Amino acid sequence: MTTISGSERKAHANRVNAQKSTGPRTAQGKARSRQNARKHGLTTPPDAVEVARVVRLLMEDLPSGMPPSERAARRETAWALAQAEVQVARVGHHIARVIDRLDDRARRPPRPETVLRDLERTASLVPVLFEPKAHRFIRKILAVYTRDYGDLAGELRRLDRYLREAEARRRKALRRWLDTCEAQNPETKPVST
């Protein structure tokens, strides 16, 4: 009779388990798993059709006799500015959706177990009111709200970072746009940003 060592049994069990866990098998499961890492899509480039629409708006007032090289420079800066504008709008749209979810959550009638839980939390905070250090009380209140709204608050923090980055890109692109316009029309005064 041959004996199998523990590591051989473990290796065999790993091989058997590996055959069972091959990932999603249905088309629906595969489609869902493709979206696993996607949170909001804000790292993808803006939609080219939307950017082109904004570029058309920026380029419609160009003088007809503008040389092709100046027109190309203006179009390049217009494209960068349009991308930044579309990105700011996309982030703003996502922020509005999170705020709507916060609002919906605040307006939703509470379930009885939620009311009881909140009453227990509030009762546990009453003794803290009489503590000499008020910051402890504030921390405990924040902990209560973080439990209820922490997921959305974290999402807003992350979106705020994307918004600041998009606004910085927009400021830079707007400066380039204004510099290009000023270089092509030296008699106009520059607008400060």
| Added length on full extension, which subtracts the Cα-Cα distance from 0.36 nm per residue, Arg25 to Thr44 | 4.0 nm
| request: Report ³J(HN,Hα) in whole Hz for each residue of the stretch 153-159, in order, from the Karplus equation J = 6.51 cos²θ - 1.76 cosθ + 1.60 where θ = phi - 60°; Gly and Pro get x. | output: 5, x, 5, 5, 4, 5, 5
| request: Pull out the extension gain between Asp179 and Ala89, defined as 0.36 nm times the separation in residues minus the alpha carbon to alpha carbon distance; nm, one decimal. | output: 30.0 nm
| request: Would you please put 92-101, 173-182 in order of how densely packed they are, using the mean number of other Cβ atoms within 10 angstrom per residue and starting with the highest? | output: 173-182, 92-101
| Ala11 versus Arg32: modelled label distance in nm, points set 7 Å from Cα along the beta carbon direction | 3.6
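All of the numbers you see were taken from the coordinates with simple rules; none came from a lab. Every value quoted in this text rests on a predicted model; they were computed, and no experiment measured them. Please note: Cβ atoms are built from the backbone with ideal geometry, for glycine as well, and neighbour counts cover all protein chains shown.
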